[in-house]
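K.L.:
Pasting a structure here, questions to come.
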Amino acid sequence: RGTRATDSIELFPLPAWDESIGCFLTYFWMHGFRHRTAQEQARVLALQPNEGLHAFTEPTNQFDPQAIQLRSDNDVFLGYIPRYLASDAIHLLQNCSYFKVYVE
């Protein structure tokens, strides 16, 4: 099978240990924006660099029980951590005292 013009490829470095800050560091595109309401999309578009987001597991998600929601400080649902990072992120969320997501 061939690819469609609407297919996309995301290339990012693997999460890596950053000795200078003492934690893992990675970059990713938040997923699920197109499925958010107009109000939620407006909040995404208003995000500022270095703004902190909150990550929550969503085990009842019927499409992906490893889904991790990203929410703003005022609890607006913004989107998801990408599936390809979810299993590692869940492990870190459940076993580490420090898990932060910031807007780049």
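The values are calculated or read from the model by the stated rules, or taken from the named source; none is laboratory data. Predicted, not measured: the structure shown is a model, and the values here were computed from it. Positions of Cβ are backbone-derived with ideal geometry, glycine not excepted, and every protein chain shown enters the neighbour counts. Accessible surface areas use protein heavy atoms only, side chains included; no ligands, DNA or RNA. Shrake-Rupley method; radii C 1.70, N 1.55, O 1.52, S 1.80 Å.
K.L.:
Hey, P59 hits all of (1) open to solvent by less than 100 Å² (accessible area, probe 1.4 Å); (2) out of contact with any helix residue (DSSP H, G or I) (no Cβ under 8 Å at 6 or more places or on another chain); (3) not in a loop (DSSP other than H, G, I, E, B) but one; which does it fall short on?
P.N.:
Going through (1) open to solvent by less than 100 Å² (accessible area, probe 1.4 Å); (2) out of contact with any helix residue (DSSP H, G or I) (no Cβ under 8 Å at 6 or more places or on another chain); (3) not in a loop (DSSP other than H, G, I, E, B) one by one, P59 breaks only (3).
K.L.:
Are there any pairs, at least 6 apart or on different chains, whose C-beta atoms fall under 9 Å, with the first in the range 22-38 and without any contact (Cβ under 8 Å) to a residue 40 or more places away in the chain and the second part of a loop (DSSP other than H, G, I, E, B) and surrounded by 15 or more Cβ atoms within 10 Å (Cβ to Cβ), and if so, which?
P.N.:
Close Cβ pairs (under 9 Å, with a partner that is part of a loop (DSSP other than H, G, I, E, B) and surrounded by 15 or more Cβ atoms within 10 Å (Cβ to Cβ)) amount to L25/P15.
K.L.:
Let me spell it out: the conditions are (1) out of contact with any strand residue (DSSP E or B) (no Cβ under 6 Å at 6 or more places or on another chain); (2) crowded, with 16+ Cβ neighbours inside 10 Å, and D64 meets all of them except one. Which number is the exception?
P.N.:
Among (1) out of contact with any strand residue (DSSP E or B) (no Cβ under 6 Å at 6 or more places or on another chain); (2) crowded, with 16+ Cβ neighbours inside 10 Å, D64 violates only (2).
K.L.:
Suppose we filter the range 6-48 for residues that are exposed (fewer than 11 other Cβ atoms within 10 Å of the Cβ), among the aliphatic types (A, V, I, L, M) and either assigned to a loop (DSSP other than H, G, I, E, B) or in contact with a Lys or Arg (Cβ under 6 Å, 6 or more places away or on another chain) (or both); how many remain?
P.N.:
Residues meeting the conditions: 5.
K.L.:
Still on this model: Go through (1) assigned to a loop (DSSP other than H, G, I, E, B); (2) modelled with pLDDT under 95; (3) surrounded by 10 or more Cβ atoms within 10 Å (Cβ to Cβ) one by one and return the number of the condition Y84 breaks.
P.N.:
So Y84 meets the others, but not (1).
K.L.:
Would you check if there is a residue in the range 68-83 being closer than 22 Å to S8 by Cα, of a type outside the set (D, E, K, R) and free of Cβ contacts under 8 Å to residues at least 40 places away in the same chain?
P.N.:
yes
K.L.:
Which number in (1) open to solvent by 30 Å² or more (accessible area, probe 1.4 Å); (2) over 20 Å from S97 (Cα atoms) marks the one condition that L78 misses?
P.N.:
Looking at each condition in turn, L78 falls short on (1).
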